[in-house]
Each structure stands twice: as C-alpha cells, then as structure tokens.
1. Of these, Asp101, Asp148, Asp107, which one is surrounded by 20 or more Cβ atoms within 10 Å (Cβ to Cβ), within 11 Å of the ligand (Cβ to nearest atom), more than 22 Å from Arg59 (Cα to Cα) and acidic (Asp, Glu)?
2. Condition first: within 13 Å of the ligand (Cβ to nearest atom) and under 15 Å from Thr125 (Cα atoms). Now tell me which residues in segment 46-64 satisfy that.
3. Output the residues belonging to segment 151-164 that are among the aliphatic types (A, V, I, L, M) and more than 9 Å from the ligand (Cβ to nearest atom).
4. Got a number for residues in segment 72-98 being part of a loop (DSSP other than H, G, I, E, B) and either open to solvent by 30 Å² or more (accessible area, probe 1.4 Å) or within 11 Å of the ligand (Cβ to nearest atom) (or both)?
5. If you go through segment 110-145 one residue at a time, how many are out of contact with any strand residue (DSSP E or B) (no Cβ under 9 Å at 6 or more places or on another chain), over 22 Å from Phe62 (Cα atoms) and either within 9 Å of the ligand (Cβ to nearest atom) or not in a loop (DSSP other than H, G, I, E, B) (or both)?
6. How many residues, within segment 62-71, are at pLDDT 95 or above and open to solvent by 30 Å² or more (accessible area, probe 1.4 Å)?
7. So which residues in segment 114-134 are over 15 Å from the mean Cα position of the chain (by Cα) and open to solvent by less than 40 Å² (accessible area, probe 1.4 Å)?
Amino acid sequence: MTGSIRTLISQEQIQARVAELGAQIRAEFGEEPVTLVAVLKGSFLFVADLVRAIPGEVRVEFLGVASYHGGTSSTGVVQLTLDLRHGIEDQNVILVEDIVDTGLTIDYLVRMLKVRGPRALRVATLLDKPDNREVEVELDYVGFTIPDEFVVGYGLDLGELYRNLPYVAVYAP
Ligand code: IMP
C-alpha cells in the first residue's frame with residue numbers, strides 16, 4: 001500500500017474521550033443494563049475500549065456490514081454479513097460505529113433494529129464526518145467530528161490494512 005499517513009487524533013485523545021463517553025452512557029442509563037451492538041469490523045477496537053469504560057451490567061453483541069468494498073468512496077450499498085445472535089427486545093441498545101460518513105449504513109441499521117422492539121435505541125460513533133451526509137441520522141454519542149478526509153487506524157481500514165494503528169490518521173494516496 002503506497003501513500004502517507006498523518007496523525008489526526010492521538011491515542012491519548014481517544015482514550016480520554018472514550019472514558020468520557022462511557023461515563024456519560026452510564027449516567028444516562030442509571031443502573032439499567034446496556035447492550036452495545038458493535039458494527040464490524042471497523043468498531044472492534046472502539047467497542048473494546050468503550051465496554052471497559054461503562055461500569056455495571058453491559059452486554060456486547062456484533063453485527064457485520066460491508067459497505068465500502070475496499071475503496072475510499074461509498075458505494076451506498078449496505079450488505080448485512082453477520083446478524084445478532086440474540087434478541088434485543090426491551091433492551092437498552094447502543095449501536096456502536098467507527099465512523100458515520102454518508103449516514104447510509106447507520107440509517108439502515110437503525111431501521112433494522114427498531115422493529116426488533118428495543119426499549120431504547122441510541123447511536124455511538126467514534127468519528128462523525130458530517131460534510132458528506134446523504135441521509136439525516138441522529139447521533140447520540142460522538143467521539144470526534146472530523147473534516148471530509150479518508151481516515152485509517154484504531155479499527156478503520158483501507159483495503160483491510162491500518163486497523164492496527166493505535167491512533168486515527170489521515171490517509172493521503
Ligand atoms: P456511511 O454509510 O457512508 O456512513 O459509511 C459508514 C462506513 O463507511 C463506516 O462504517 C466505514 O466502514 C466506512 N468509512 C467511511 N468513511 C471512512 C474513512 O474515512 N475511513 C475508513 N472507512 C470509512
């Protein structure tokens with residue numbers, strides 16, 4: 001993979017913000033159990049840190065979607081590659097995304113989960129890239145709002161690489 005990367009959000013900034021989000025989520029739900037539904041693959045590191053930042057009863061479930069097919073621009077097609085193993089009826093569900101760009105993925109997932117009867121359905125995303133939005137989506141917990149640049153690291157990939165960077169970086173071809 002040729003191209004250069006430049007740090008946009010450091011490991012320290014991520015850890016501090018994730019701790020804040022975890023505390024905020026716990027404060028809003030009181031002592032009630034919370035179910036994090038992580039959207040694979042990109043959110044695997046974010047959810048691993050977020051789950052440890054929320055004290056008390058927390059479940060973690062996984063959903064798989066493919067929307068980018070290896071390039072740096074959205075195809076607009078959302079494909080479900082892995083569904084939940086358990087029902088979410090009457091649960092406090094937080095969808096956990098790595099990044100919201102056009103909003104198409106999260107819009108699709110919110111509509112899909114709503115019909116399964118959760119008690120509450122919220123959205124947490126590490127990164128929000130609002131410049132490129134095609135559908136309006138409500139984001140309840142946002143780590144960082146970033147400009148319209150392609151980013152990698154901390155779970156986010158380009159052609160399956162760079163997910164292992166402990167920080168978020170801008171990728172320049
Ligand atoms: P959306 O459907 O356009 O909102 O895109 C959501 C998905 O596109 C994310 O879950 C990512 O997998 C991918 N994506 C969007 N922007 C980026 C980026 O800058 N870097 C890596 N993946 C991205």
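The values are calculated or read from the model by the stated rules, or taken from the named source; none is laboratory data. Bear in mind that the values here come from a model prediction, so they are computed numbers and not experimental data. Here Cβ is always computed from backbone atoms with ideal geometry, including for glycine, and neighbour counts include all displayed protein chains. When the accessible area is computed, the model is the full protein with side chains, heavy atoms only, and any ligands, DNA or RNA have been set aside. Shrake-Rupley method; radii C 1.70, N 1.55, O 1.52, S 1.80 Å.
1. Every option except Asp101 fails the conditions.
2. Phe46, Val47, Leu63
3. Leu161
4. 14
5. 4
6. 1
7. Answer for segment 114-134, where residues must be over 15 Å from the mean Cα position of the chain (by Cα) and open to solvent by less than 40 Å² (accessible area, probe 1.4 Å): Gly117, Pro118, Ala120.
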